[in-house]
Amino acid sequence: DMKSKSSQPHWYERYAQPRVAELLGSALFIFIGCLSVVEDVEGTGRLQPALAHGLALGLTIAILGDI
């Protein structure tokens, strides 16, 4: 006697999981972005913050993209 699964996702997958993913993704993106400009070494210019933001965004998409 197997119970048939409903076509509706669980409340956690529908409401909580996307919100938690958005919170973690935004926090990671902002945290890494801010840390990239804390130590401003002469000669790095705009390259270091740009690369840090790009890598943070790529990492966030890779980890949380399927949610």
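The values are calculated or read from the model by the stated rules, or taken from the named source; none is laboratory data. On a predicted model such as this, the values are computed, not experimentally measured, just so you know. We place every Cβ from the backbone using ideal geometry, glycine too, and count neighbours over all the protein chains shown. Ligands, DNA and RNA are excluded from the accessible area calculation, which covers all protein heavy atoms including side chains. Shrake-Rupley method; radii C 1.70, N 1.55, O 1.52, S 1.80 Å.
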### Summary
With all protein chains present, the chain has a carbon and sulfur share of its accessible area (1.4 Å probe) in percent of 64 percent
### Summary
Relative contact order as a percentage, the chain, C-alpha pairs under 8 Å and 6+ apart, gives 40 percent
### Task
Assign unit charges at the C-beta atoms only (+1 for Lys and Arg, -1 for Asp and Glu), then state the dipole size of the chain relative to its Cα centre in Debye, rounded to the nearest 20.
380 debye
### Query
L64 accessible area, nearest 10 Å², 1.4 Å probe?
40 Å²
### Selection from L35, Q8, Q48, by position along the positive dipole direction of the chain (Cβ)
Q8
## Note on the structure
By the mean-Cβ-within-10 Å protection proxy, highest first, 7-17, 52-62 rank as 52-62, 7-17
### Query
For region 22-66, what is the accessible area per residue in Å², given a 1.4 Å probe and the full set of protein chains?
77 Å²
